[in-house]
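Colleague: Let me give you the structure first, and then I'll get to my questions.
The values are calculated or read from the model by the stated rules, or taken from the named source; none is laboratory data. Since this is a predicted model, take the numbers as computed values, not measurements. Cβ placement follows ideal geometry from the backbone for every residue including glycine, while neighbour counts extend to all protein chains displayed. In case anyone asks, the SASA skips ligands and DNA or RNA and just uses the protein heavy atoms, side chains included. Shrake-Rupley method; radii C 1.70, N 1.55, O 1.52, S 1.80 Å.
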Amino acid sequence: MALIVQKYGGSSVADAEKIASVARRVAESARGHRVVVVVSAMGKTTDGLVALARQVTPSPEPREMDMLLATGEQVTIALLAMALHALGLRARSFTGPQVGMRTDRAHTRARIKAITAERVSRALDAGEVAVVAGFQGLSDEDEITTLGRGGSDLTAVALAATLGADVCEIYTDVDGVYTADPNVVPDARKLGRVAYDEMLEMASLGARVLQSRSVEFAKKHGVTVHVRSTFKPDPGTLVTKEEHAMEEVVVTGVTHDRNQSKISILRVPDRPGIAAQTFGAIAERNIVVDMIVQNISRDGYTDMSFTVPRGDHARAVAALEAVARAIGAQGVVHDERIAKVSIIGVGMRSHSGVAAKMFATLSREGINIQMISTSEIAVSCVIEDKYAELAVRALHDAFEVGRGSAS
Ligand code: ADP
Ligand code: ASP
Ligand code: MG
């Protein structure tokens, strides 16, 4: 009898009818296996709660934000448990704190420190389906925390690792991981398998089908993740260890991320310690900086540009304006209408000319590149937001990503 952790995302549990159909799917699995179900908030509930908080105040306290956001998942666990009962199954719902999901105290982006999962094990031993609220935990100070947007994926993977589950199934509104967002690129192809490292890059570069931290966790603990459709029975995509053949394909995926904004600090005095002071001010506010570009210096001054998540934009600009005054820089300019497009593939390690081909493709479409960054297996360009979808389609075409063998 296998132990399966299944996670159902927001769109899969968006209304009572969908919850009933998820319950039927869970019931099928529960016939031959021990099942733990992790659920997200219904539909766009979390977005709605964020918007509600902003109507009350432009800068809600992170502790209260977590108190608010954690309510979304609690609604779903109770309703799904009821739907399972209605099918004659024994099931019990649990919040994150109830399953011993211990995190640090970084509200709205907490990291998991430990999970006891004792109540889950007890429920399974008693022949019950355990229904667990994703996305939430408890700090050592007994404060409710959340794990960052998309964090139910992380709850599921972490529970799978702790319980030694045979597989962690992520059920969503697409039937697997595609070579690009299938809602943007019509000829995107479903991948049969994808290596952890590729999936990690794809997730952190904008493929929101899996939260990047969940992939990091899966890789570290060797959890096999199966991304599949809630609405169709077909097998989806296995996220797993790299296989040699995977290197033959140069570009496995193309992603875009419209959730970033660009900030530049102009005419910064070019002397030791300035970058540390600048980024220190950002780090102090727990803002994650992504791409950083510093120009060569002329006459003792230089410009620095970097990107931050769009939600942190206003706080980052405010922090930077203070730093600019303190260090005698000319000022701060910013642009929220940017997008980052990226190509990803483990095969890039052994192929050359990939970046050049990406730049040529964007230039053929008349798209200006504002910033560039590379890693061993990815190249990213910041471009004007309005060209994001055009760029993804052009790159998907140029690298013939849709034509690879259906591995
Ligand atoms: P859930 O609510 O189930 O967590 P998400 O909205 O977080 O679902 O993730 C699923 C969405 O991810 C899809 O609807 C799709 O538009 C988007 N997506 C982006 N890139 C990809 C990709 N490469 N493969 C599959 N889906 C992708
Ligand atoms: N409900 C949370 C969110 O929308 C967590 C999740 O769905 O994974 O981000
Ligand atoms: Mg998600």
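Colleague: Given 20 °C and 1.002 mPa s, how large is the Stokes-Einstein diffusion coefficient of the chain in µm²/s, with Rh as the Kirkwood radius over Cα pairs?
Modeller: Working: Rh = 22.5 Å.
It comes out at roughly 95 µm²/s.
Colleague: Once you order the gyration tensor axes a ≥ b ≥ c over the Cα atoms, which shape class does segment 56-139 get: rounded for a/c under 1.5, otherwise prolate or oblate by comparing a/b with b/c?
Modeller: Numbers: a/c = 4.85, a/b = 1.64, b/c = 2.96.
Oblate, since a/c reaches 1.5 and b/c is not below a/b.
Colleague: So what is the calculated 222 nm ellipticity per residue for the chain, using -39500 (n - 2.57) for each DSSP H run with n of 4 or more, over all residues, to the nearest 500 deg cm²/dmol?
Modeller: Counting only the DSSP helices, I get -11000 deg cm²/dmol.
Colleague: Which of 393, 267, 92 ends up with the largest GNM mean-square fluctuation for the chain, with Cα atoms connected below 10 Å?
Modeller: Between 393, 267, 92, it is 267 that shows the largest mean-square fluctuation.
Colleague: Could I ask something else about it? Given R₀ = 30 Å, what would the calculated FRET efficiency be for residue 29 paired with residue 351, taking r from the Cβ atoms and rounding to 0.05? The partial results should precede the final answer.
Modeller: Working: r = 41 Å, r/R0 = 1.37.
In this case the efficiency is close to 0.15.
Colleague: So, one more: With the other protein chains left in place, how much accessible area per residue, in square angstrom, belongs to the chain at a 1.4 angstrom probe? Working shown, then result.
Modeller: Details: 18290 Å² over 407 residues.
Value for the chain: 45 Å² per residue.
Colleague: Okay, next question. Points 7 angstrom from Cα along the Cβ direction at residue 78 and residue 242: gap in nanometres?
Modeller: For residue 78 paired with residue 242, the spin-label model returns 4.7 nm.
Colleague: DSSP H helices in the chain with Cα extent of 27 Å or more along the helix axis and mean Kyte-Doolittle hydropathy at least -1.0?
Modeller: 62-86
Colleague: Not counting ligands, DNA or RNA, and with a 1.4 Å probe, what is residue 321's accessible surface area in Å² rounded to the nearest 10?
Modeller: Accessible area, nearest 10 Å²: 80 Å².
Colleague: Which of these, 201, 169, 143, has the largest mean-square fluctuation under a Gaussian network model of the chain (Cα springs below 10 Å)?
Modeller: Taking springs between Cα atoms under 10 Å, the residue moving most is 143.
Colleague: Then there's this: Go ahead and run the numbers for FRET between residue 234 and residue 277, Cβ-Cβ distance against an R0 of 51 Å, rounding to 0.05.
Modeller: Working: r = 54 Å, r/R0 = 1.05.
E(calc), rounded to 0.05, equals 0.45.
Colleague: Still on this structure, I have one more. Between residue 400 and residue 63, what is the spin-label point distance in nm, taking each point 7 Å from the Cα along the Cα→C-beta axis?
Modeller: Computed distance between label sites residue 400 and residue 63 equals 5.9 nm.
Colleague: OK, next. Pick from 127, 273, 366: which is most flexible by mean-square fluctuation in a GNM of the chain where alpha carbon atoms under 10 Å apart are linked?
Modeller: Result for the chain, Cα springs under 10 Å: 273 fluctuates most.
Colleague: For the chain, with all protein chains present and a 1.4 Å probe, just round the carbon and sulfur fraction of the accessible area to a whole percent. List each step's numbers first, then the result.
Modeller: Working: 9070 of 18290 Å².
Accessible surface attributable to carbon and sulfur in the chain totals 50 percent.
Colleague: Can you flag which of 220/340; 7/190; 44/340; 18/340; 44/241 are past 30 Å Cα-Cα? Before the final figure, lay out each step's value.
Modeller: Details: 220/340 27 Å; 7/190 20 Å; 44/340 24 Å; 18/340 34 Å; 44/241 33 Å.
Distance filter (> 30 Å) returns 18/340; 44/241.
Colleague: Quick check: pseudo-label points 7 Å beyond the Cα along Cα→Cβ at residue 376 and residue 106, how many nm apart are they?
Modeller: Going by the 7 Å Cα→Cβ label model, 2.3 nm.
Colleague: Taking +1 at the Cβ of each Lys and Arg and -1 at the Cβ of each Asp and Glu, which of 229, 375, 268 sits farthest along the dipole of the chain towards its positive end, judged by Cα position relative to the Cα centre?
Modeller: Result: 229.
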